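See below for the structure under consideration.
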Ligand SMILES: [Zn+2]
């Protein structure tokens, strides 16, 4: 079976993870998907297939080298899809792309526009999988799962392809930032791993943001507006004042590449009380800390103006740039880059403007860069996968597992 055929089948599971649900997994559909994947893994000859109480599905593609001394490789993808766009009743379709906009839905005039996504034109002559434009597709990250299992199928049918044991894990709840929470690195038992959770084929990423979560609480003083002169302290207006002190140019909508930002995710409030939620993101930890200090200085300034205790800022480190770990394992990135180039594609190594499962796992002792499965426009209705890119991603993995087997155990 081809990887894209698996993806088509997997879109039937509405596995949108739910940030308002406290349990892992956060949606019952993840269980349904995991149980069926478990059967598929067993049918494909994976061994030690286990589904634990938090819906982490693990298994092993058995190695076929006697006296194997190389590293145990791990491959990871996530089963949930984003809930930022509708994820139920997905109707995937294959469109042969010959240029121009991709028409997803004639009747509703829904299309993937070249003007919005100029990189579409890289795929002229390819076959694209999209939804009917009313839902996301879920190639993030079911394309990764499809490719890992297609690799397993290929290796099962080609015993002449020599490789070490390959540990596979499909996780729940990545999209709501919880997929590494219950990830049992020790049980997984890999020496190094890749998440297959990027975008285009040819991506290889080992740099993530450093992340700090910020909560701002503002306490006002409410009094009838008719007699408020020199007495009222309006928390909602102080919240606006706080936000105005943040440089406009350092927000997500004005930054790219290695530029960090402050992002106001949410604000609510009235005269008595206001709350704001920010995130700070920067690839450079020193710069991230400077941003945190800057928010502290706003707190101090506003408390000077309105009285101590008016503004309270709470901050918490969320994740770190995995670069500092991956740097110590250069072969882990040299190998995929070399293979991608051999396949005639110039690798894309631009930093991730976010976090990955791999970032958390790297700090838990499992160095884990990220590879692109050949899909685009995640978390939205214009999401698409490219069949030829998915095939290349599988081909790349087939070469990668053989090359990794020739490396030192402490790669
Ligand atoms: Zn993903």
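Things worth noting here:
- Set side by side, the residues 315, 322 differ, and just one is farther than 19 Å from residue 215 by Cβ and surrounded by 14 or more Cβ atoms within 10 Å (Cβ to Cβ), which is 322.
- Pair list, Cβ under 9 Å, 6 or more apart: segment 179-202 residue on the phi > 0 side of the Ramachandran plot, other residue assigned to a loop (DSSP other than H, G, I, E, B) and away from the ligand (no atom under 16 Å from the Cβ): 189/72; 189/165; 202/343; 202/345; 202/346; 202/347
- For the residues 103, 94, the requirement of being assigned to a strand (DSSP E or B), over 25 Å from the mean Cα position of the chain (by Cα) and either surrounded by fewer than 24 Cβ atoms within 10 Å (Cβ to Cβ) or assigned by TED's automatic domain parsing to the domain that holds residue 199 (or both) singles out 103.
- Of the listed requirements (1) surrounded by fewer than 23 Cβ atoms within 10 Å (Cβ to Cβ); (2) within 16 Å of the ligand (Cβ to nearest atom); (3) under 30 Å from residue 407 (Cβ atoms), residue 186 misses just one: (2).
Residue-wise test of (1) surrounded by fewer than 20 Cβ atoms within 10 Å (Cβ to Cβ); (2) outside any loop (DSSP other than H, G, I, E, B); (3) at negative phi.
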| position | (1), (2), (3) |
| --- | --- |
| 345 | yes, no, yes |
| 352 | no, no, yes |
| 358 | no, yes, yes |
| 365 | yes, no, no |
| 373 | no, no, yes |
| 380 | yes, no, yes |
| 400 | no, yes, yes |
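- Filtering segment 139-157 to residues that are within 13 Å of the ligand (Cβ to nearest atom) and either at pLDDT below 95 or surrounded by fewer than 24 Cβ atoms within 10 Å (Cβ to Cβ) (or both) leaves nothing.
- Residue in segment 19-37 that is more than 26 Å from residue 181 (Cβ to Cβ), in the same structural domain as residue 173 (by TED's automatic domain parsing) and at pLDDT 95 or above present: no
- Wholly enclosed strands (runs of 3 or more DSSP E) of segment 231-341 bearing at least 3 residues outside the structural domain of residue 195 (by TED's automatic domain parsing), farther than 30 Å from residue 393 by Cβ and in contact (Cβ under 8 Å) with a residue 40 or more places away in the chain: 273-282, 311-319
- Verdict on residue 83 being within 23 Å of the chain's Cα centre (by Cα), surrounded by fewer than 22 Cβ atoms within 10 Å (Cβ to Cβ) and touching a residue at least 24 places away in the same chain (Cβ under 8 Å): yes
- In segment 158-165, the count of residues that are away from the ligand (no atom under 16 Å from the Cβ) and without any contact (Cβ under 8 Å) to a residue 60 or more places away in the chain is one or more.
- Test for residue 182: is it touching a helix residue (DSSP H, G or I) at 6+ places or on another chain (Cβ under 8 Å), under 30 Å from residue 376 (Cα atoms) and assigned to a loop (DSSP other than H, G, I, E, B): no
- Within segment 166-183, the set of residues being within 13 Å of the ligand (Cβ to nearest atom) and within 25 Å of residue 64 (Cβ to Cβ) comprises just one member, 170.
- Some residue of segment 123-138 being within 14 Å of the ligand (Cβ to nearest atom), assigned by TED's automatic domain parsing to the domain that holds residue 358, outside any loop (DSSP other than H, G, I, E, B) and buried (at least 24 other Cβ atoms within 10 Å of the Cβ): no
- Qualifying residue in segment 65-76 (condition: buried (at least 17 other Cβ atoms within 10 Å of the Cβ), within 16 Å of the ligand (Cβ to nearest atom) and modelled with pLDDT of 95 or more): yes
- Among the candidates 393, 375, 359, residue that is within 19 Å of the chain's Cα centre (by Cα), at pLDDT below 95 and assigned by TED's automatic domain parsing to the domain that holds residue 75: 359
- Taken over segment 382-393, the criterion of being within 19 Å of residue 340 (Cα to Cα) and surrounded by fewer than 24 Cβ atoms within 10 Å (Cβ to Cβ) is satisfied by 387, 388, 391, 392.
- Given (1) in contact with a strand residue (DSSP E or B) (Cβ under 8 Å, 6 or more places away or on another chain); (2) surrounded by fewer than 19 Cβ atoms within 10 Å (Cβ to Cβ), number of the condition residue 59 does not satisfy: (2)
- Listed here are the strands (runs of 3 or more DSSP E) enclosed by segment 1-90 that have at least 3 residues being under 26 Å from residue 126 (Cβ atoms): 73-78.
The values are calculated or read from the model by the stated rules, or taken from the named source; none is laboratory data. Bear in mind that the values here come from a model prediction, so they are computed numbers and not experimental data. Please note: Cβ atoms are built from the backbone with ideal geometry, for glycine as well, and neighbour counts cover all protein chains shown.
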